[in-house]
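Report on the following structure.
Coordinate-derived values only; no laboratory data. Computed from a prediction, not measured in an experiment: that's the story for all the values here. Please note: Cβ atoms are built from the backbone with ideal geometry, for glycine as well, and neighbour counts cover all protein chains shown.
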Amino acid sequence: MPAGFPGEDGYDLFMQTTDAIDKLANLIRDVPDFPKPGVVYKDFTPLLADPSALALAVELMANPYRGTGIDLVVGAESRGFIFGIAIAQALSAGFVPVRKPGKLPRAVYGVDYDLEYGSDRLELHEDALLAGHRVLLVDDLLATGGTMQASCQLVEKCGAQIAGITVLIELDFLNGRDLLGGFGDVHSVLRYGAED
């Protein structure tokens, strides 16, 4: 229950936020047994196809970090690019991509990590971030936390400061947030439990 009562600013803001989250949640489609049996994939492509929902998602992901001095937004290949560039624009910040191996042309830092379905590696140009840069990490989904943890480790290798982490969807039951405790604030717009 919100702190305010009907007609008070806090209550109205709570109801607007609840309505906004409901709008976005209604555009997330469950796809059973993808990419493997037993997994229920959260397909957000209908949300991307709806201009007002896409704008709303970007706003809800960016708003907690407005006025906090974000210099650069970092997003991992490939779905982190979708929201990362839009959030960078919303925050008047630059964007830095984290890529899969062999995609970046200059000297890179690399981190190997475990995924929900296997393992992988991410890379970042060594000179992409500087000490003192305030960085916001962005992705579409936080599941087991491996991709985001690897991205955070890459940011730290550059000496930059992690100001926060924002994702559209968090799967609470996979406890990915637990891997990110040392990296700062984690903000998620839509959170799902095992039964959702």
(request) Kindly state, to the nearest 0.05, the FRET efficiency for THR17 paired with VAL39, given R0 = 25 Å and r defined as their beta-carbon distance. (result) 0.25
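For Cα pairs less than 8 Å apart in space and 6+ apart in sequence, what is the mean separation divided by the residue count of region 55-196, i.e. the relative contact order in percent?
Numbers: 311 pairs, mean separation 32.2, N = 142.
Contact order relative to length: 23 percent.
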(message) Output wanted: per-residue J couplings in Hz (rounded whole) for region 134-143, from phi through Karplus 6.51 cos²θ - 1.76 cosθ + 1.60, θ = phi - 60°, x for Gly and Pro.
(response) 9, 10, 10, 8, 9, 8, 6, 9, 10, 10
(message) In the chain, once you exclude exposed trypsin sites (Lys or Arg not before Pro) (DSSP loop, at most 16 other Cβ within 10 angstrom), what's the longest stretch remaining?
(response) 107-196
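Please arrange HIS187, HIS133 by how many other C-beta atoms lie within 10 Å of their C-beta, fewest to most. Don't jump to the answer; show the numbers that get you there.
Values: HIS187 16, HIS133 21.
If I rank by nearby Cβ atoms, fewest first, I get HIS187, HIS133.
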(message) Can you compute the modelled spin-label distance between SER78 and GLU126, with each label point 7 Å from Cα toward Cβ, in nm?
(response) 2.9
(message) Can you work out the Karplus-derived ³J(HN,Hα) for every residue in region 61-74? Use 6.51 cos²θ - 1.76 cosθ + 1.60 with θ = phi - 60°, whole Hz, and x for glycine or proline.
(response) 6, 8, 3, x, 10, 5, x, 9, x, 5, 8, 9, 9, 10
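For a 28 Å ceiling on Cα separation, which of these pairs sit above it: LYS42/LYS100; LYS100/LYS157; LYS23/LYS103?
Values: LYS42/LYS100 22 Å; LYS100/LYS157 17 Å; LYS23/LYS103 36 Å.
Pairs exceeding the cut-off: LYS23/LYS103.
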(message) Along the Cα→Cβ direction, 7 angstrom out, place labels at LYS103 and ALA49. What is the inter-label distance in nm?
(response) 2.4
(message) For the chain, give me the percentage of DSSP beta bridges that are antiparallel, rounded to the nearest 5 percent.
(response) 35
(request) Give me the distance between the Cα centres of region 136-157 and region 57-96, rounded to whole Å. (result) 14
(message) Give me the one-decimal nm value for the distance between modelled label points at ASN63 and ARG134, 7 Å along each residue's Cα-to-Cβ direction.
(response) 2.0
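Given all pairs of different Cα atoms, what value in angstroms does the Kirkwood hydrodynamic radius of the chain take? Please report the intermediate quantities before stating the final value.
Numbers: mean 1/r = 0.0572 Å⁻¹.
17.5 Å is the Kirkwood radius here.
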(request) Would you mind getting me the FRET efficiency between ALA194 and SER92? Use the beta-carbon distance for r and R0 = 41 Å, nearest 0.05. (result) 0.60
